[in-house]
Amino acid sequence: MNKRPYLLAILAAPLLPGCSSDLLDRRLGEGVIEYALSFPDYDPNGIMAGMLPERTTLSFSDDKQVAELSAGMGIFRTTMVIDGAKEDMDYHLSMMSKKMVAHMQPRDLGLFNKELGKPTIIFTEDRDTIAGYACKRAVAIFDRIEHPETDLWYTDQIQLKNPNWASPFAEIPGVLLRYDLVQYGMRMRLDAISVKPGEVDPAKFQVKEDFDQVKPEVLHHELAEVLGTFSM
């Protein structure tokens, strides 16, 4: 009896779809997502158009995220250190010589999301690939007529616990790779252009020591003043 075909079948078994669920279910647990930014409602000829950001990054590891954004040629910077397991966030704002950070929990987020309210989320069967990752589409419908419905493209191939708890789209069960967000009267569109696996420096997830601790209300007031200048 020729045992070679039988032996080859045993060796090949882990590669068969029915026997490779561990490989297929494996999700990316650490890396950096880069998003291109655009402002659909913004006048490209506006006074402050050249000061708007073009890119933002999201670093992630162990259910933690760090979202970093720079505008105004680096004059204005925000860094949000988000813990999905604890559901808390340290929101850093840096502008010129002013540096402040506010520690926030879910009860504090109404200050920042009150323009949108809680949207109704409708899940669809639509699928697409964004930055190399399989995505599903949901639609957010808002009560206020001035806020149009928003497509939310998300992936479950990135391993983050409760990734959207700090946004209006907490119901979305995956990492958002293409979506719109409105804050302080500005609609910002984020579109992932790359997802780079790799280790993230643990120091990124620490509160910056040279920032002054302030209450969420104080940070909200500062953001409203600063971002109001960009909507001129």
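With respect to the conditions (1) touching an Asp or Glu at 6+ places or on another chain (Cβ under 7 Å); (2) closer than 22 Å to GLY50 by Cβ; (3) at pLDDT 90 or above; (4) not polar (S, T, N, Q), GLY174 lacks only one, and its number is (2). Restricting attention to the stretch 205-227, the residues being among the basic types (Lys, Arg) and either at positive phi or modelled with pLDDT of 95 or more (or both) number 1. The set of residues in the stretch 130-167 that are more than 23 Å from THR79 (Cβ to Cβ), modelled with pLDDT of 95 or more and part of a loop (DSSP other than H, G, I, E, B) comprises GLY132, ASP156, GLN157. Considering each residue of the stretch 69-87 in turn, at least one proves to be buried (at least 19 other Cβ atoms within 10 Å of the Cβ) and assigned to a loop (DSSP other than H, G, I, E, B).
Taken together, the criteria exclude PHE230 from residues that are closer than 25 Å to SER97 by Cβ, at pLDDT 95 or above and crowded, with 16+ Cβ neighbours inside 10 Å. For ASP108, the criteria (1) surrounded by fewer than 18 Cβ atoms within 10 Å (Cβ to Cβ); (2) modelled with pLDDT under 95; (3) of a type in the set (Asp, Glu) hold in every case but one, which is (1). Scanning the stretch 193-211 for residues that are surrounded by 10 or more Cβ atoms within 10 Å (Cβ to Cβ) and of a type in the set (D, E, K, R) returns LYS196, ASP201, LYS204, LYS208.
The residue pairs whose first member lies in the stretch 126-139 and is within 16 Å of GLU171 (Cβ to Cβ), whose second member is part of a strand (DSSP E or B) and modelled with pLDDT under 95, and whose beta carbons are closer than 8 Å, counting only pairs six or more residues apart or on different chains, are VAL139/THR150. Counting only strands (runs of 3 or more DSSP E) that fall entirely inside the stretch 168-232 and contain at least 2 residues that are within 18 Å of the chain's Cα centre (by Cα) and touching a residue at least 24 places away in the same chain (Cβ under 8 Å), the qualifying elements are 175-183, 186-197.
The values are calculated or read from the model by the stated rules, or taken from the named source; none is laboratory data. Computed from a prediction, not measured in an experiment: that's the story for all the values here. Don't worry about glycine lacking a Cβ; one is built from the backbone with ideal geometry, like all the others, and counts go over all protein chains shown.
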